[in-house]
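In what follows, a single structure is set out as structure tokens and then discussed.
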Amino acid sequence: STLQRNRGAKHTGNMLEEELEIALKVIVVGNGGVGKTSMVQRYCKGIYTKDYKKTIGVDFLERQIEIDGEDIRIMLWDTAGQEEFDAITKAYYRGAQACVLTFSTTDRASFEAIREWKRKVENECSEIPTVLVQNKIDLMDQAVVSFEEAEALAHSLGCRLIRTSVKEDVNVATVFRYLATKCHQMMKQQYSQSAPISQPTISAFSPTFQSKAASNTITLTRPLVK
Ligand SMILES: Nc1nc2c(ncn2[C@@H]2O[C@H](COP(=O)(O)OP(=O)(O)OP(=O)(O)O)[C@@H](O)[C@H]2O)c(=O)[nH]1
């Protein structure tokens, strides 16, 4: 397929060596304190800390996984949940290909804010694969949101609900694998529909760019070397 061809042609000897890979920009949004930073750190670094330090603006981490035999680099944008940073964070929504809407089991306001978060994302991005995450399920004894309510919200937003405990490392990887799989399927569809001559442009200056032919991001991981 075109997708595979774009992934990279490797030549040995004096020839140019280039390697392209699929990269996905995923944004993690939700109220302050729901566990966004913890989730991204858990997934990308395998660590968890009890301390809460609010995110100022946006943080960025990445992890590579394999979907369908294809390497996918997941770039996770951990955005600030505190409203004071809204103006900064929304600039980072642009170009996102998937979204994690996060609320906490023990924070009613974070659950009620989900529609508003979805609206903010939709203002900057068109419809992108989205998952609703109910975090801190290790604290079910202090729950202020019922399973039924969470499911009803997911249903009305038209997205899947995944319950996680970042603390106990429950279902965190499931969230990102699910989104990456969805995006990968969409890309494959777009590639098979687009004409074979439409090769995406590759920018060596910006870390990511939006291909016009298909809305996937392709990153040049290794510069051209002689
Ligand atoms: N019990 C429990 N605590 C968690 C879990 N995930 C995160 N926390 C704690 O919740 C607090 C807030 O987590 P953060 O990851 O900093 O929250 P955030 O959503 O990034 O907050 P902002 O940066 O302000 O937007 C921290 O004290 C975490 O240790 C979880 O699954 N269970």
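The values are calculated or read from the model by the stated rules, or taken from the named source; none is laboratory data. Because the structure is a prediction, the values reported are computed rather than measured. Note that we place each Cβ from the backbone using ideal geometry, even for glycine, and neighbour counts take in every protein chain shown. These accessible areas exclude ligands, DNA and RNA; they are computed on the full protein's heavy atoms, side chains included. Shrake-Rupley method; radii C 1.70, N 1.55, O 1.52, S 1.80 Å.
The table that follows gives values for the structure above.
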item	result
Average projected area [Cα convex hull, the range 22-191], square nanometres	9.3
Separation of the Asp86 and His155 label points, Cα + 7 Å toward Cβ, nm	3.0
Residue-wise HN-Hα coupling along the range 136-141, computed from phi with Karplus coefficients 6.51, -1.76, 1.60 (Hz; x: Gly, Pro)	6, 6, 5, 9, 4, 5
Placed amide H near Thr164: partners under 5 Å, 5+ positions off or other chain	Gln134, Asn135, Lys136, Ile137
By average C-beta atoms within 10 angstrom, highest first, the peptides 116-122, 29-35, 78-84, 47-53	29-35, 78-84, 116-122, 47-53
List Arg42, Arg115, Arg160, ordered by accessible area with a 1.4 Å probe, largest first	Arg115, Arg160, Arg42
In Hz, Karplus ³J(HN,Hα) per residue of the range 98-113 (6.51, -1.76, 1.60; θ = phi - 60°; x = Gly, Pro)	7, 9, 10, 8, 10, 9, 10, 3, 9, 9, 4, 4, 5, 5, 5, 7
